Amino acid sequence: MQLASKMKHYLFNAFRELFVYNHSSLEFRAKLFALILCANENIKADDFLIIKKIGMNIYKNDDERANLLMLNTKELVKKVRENNELDIDTLVSNIQKELRLMPRYAKKIDIESLRELLALSHDRDVISYQENMIEFLQTLKDETLHEKKLQIAKDEEKIESKY
């Protein structure tokens, strides 16, 4: 059973862009959660269960998508921790770049969900750093929604017309 689960995870990781509906949207959300988590040096495995719980709310109890959100977040955090092609500054830059390309993703920045991650930290400095990141993301969201309002409406109209 364990081997089958590992194989499924490996295949999803290798081909997730093909298998997962709206992969880029899920990946964007994972970057947001990873950004906040990475500010805390004492991340525990159980901390990722909060990501899954948040994912269950976002994806209306779709366990598979919530699990993928958790796994993607875990993978990004691991890359930052191991300094493997990713650090916090690069993560911020990637989020900004994705918002320029897909302004409608600003609606996916759920500040309340990100605030849930603050409870995982017990160090006042870490919490302050995370709060600054959340404030930055709120400003980024507000500016994007304001400046790109027409583009977002057009993009959403195109998406709705596809279905």
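Ellipsoid fit via the Cα gyration tensor, region 58-102: semi-axes of 23, 17, 6 Å, each the root of five times an eigenvalue, largest first. Which of the trypsin sites (Lys or Arg not before Pro) found in region 28-75 are in a DSSP loop and have at most 11 neighbouring Cβ atoms, other than their own, within 10 Å? Here the trypsin sites (Lys or Arg not before Pro) that fit, given the DSSP loop and packing criteria, are Lys44, Lys60. Label-point separation (nm) for Ser128 and Thr90, each offset 7 Å from Cα along Cα-to-Cβ? Distance between label points: 2.9 nm. Shape analysis of region 2-162 yields a ratio of the Cα radius of gyration to the Kirkwood radius, Rg/Rh, of 0.97. With R₀ set to 22 Å, the beta-carbon distance separating Ala45 from Arg100 gives a calculated FRET efficiency near 0.05.
Dipole check for region 2-162: with +1 at the C-beta of Lys and Arg, -1 at the C-beta of Asp and Glu, and the Cα centre as origin, the magnitude is about 560 Debye. Excluding same-chain neighbours fewer than eight residues apart, the lysines reachable from Lys158 by a Cα-Cα span under 22 Å are Lys97, Lys107, Lys108, Lys141, Lys148, Lys149. Each residue of region 109-119 was assigned a 3J(HN,Hα) from its phi angle through the Karplus expression (A = 6.51, B = -1.76, C = 1.60, θ = phi - 60°), giving 7, 9, 4, 5, 5, 5, 5, 4, 6, 5, 5 Hz with x at Gly and Pro. Assuming charge only on the beta carbon of Lys and Arg (+1) and of Asp and Glu (-1), the dipole of region 28-103 about its Cα centre is about 220 debye to the nearest 20. Backbone geometry of region 144-151 corresponds, through the Karplus equation with coefficients 6.51, -1.76 and 1.60 at θ = phi - 60°, to 3J(HN,Hα) couplings of 5, 5, 6, 6, 10, 3, 5, 5 Hz, x marking Gly and Pro.
Think of region 2-162 as a dipole: +1 on every Lys or Arg Cβ, -1 on every Asp or Glu Cβ, centred on the Cα centre; then among Ser93, Ile36, Ile159, Ile159 lies furthest on the positive end.
Rule-based calculations on the coordinates, nothing more; no lab input. All values reported here derive from a predicted model rather than from experimental measurement. No Cβ is skipped: glycine too gets one built from the backbone with ideal geometry, and neighbour counts run over all protein chains shown.
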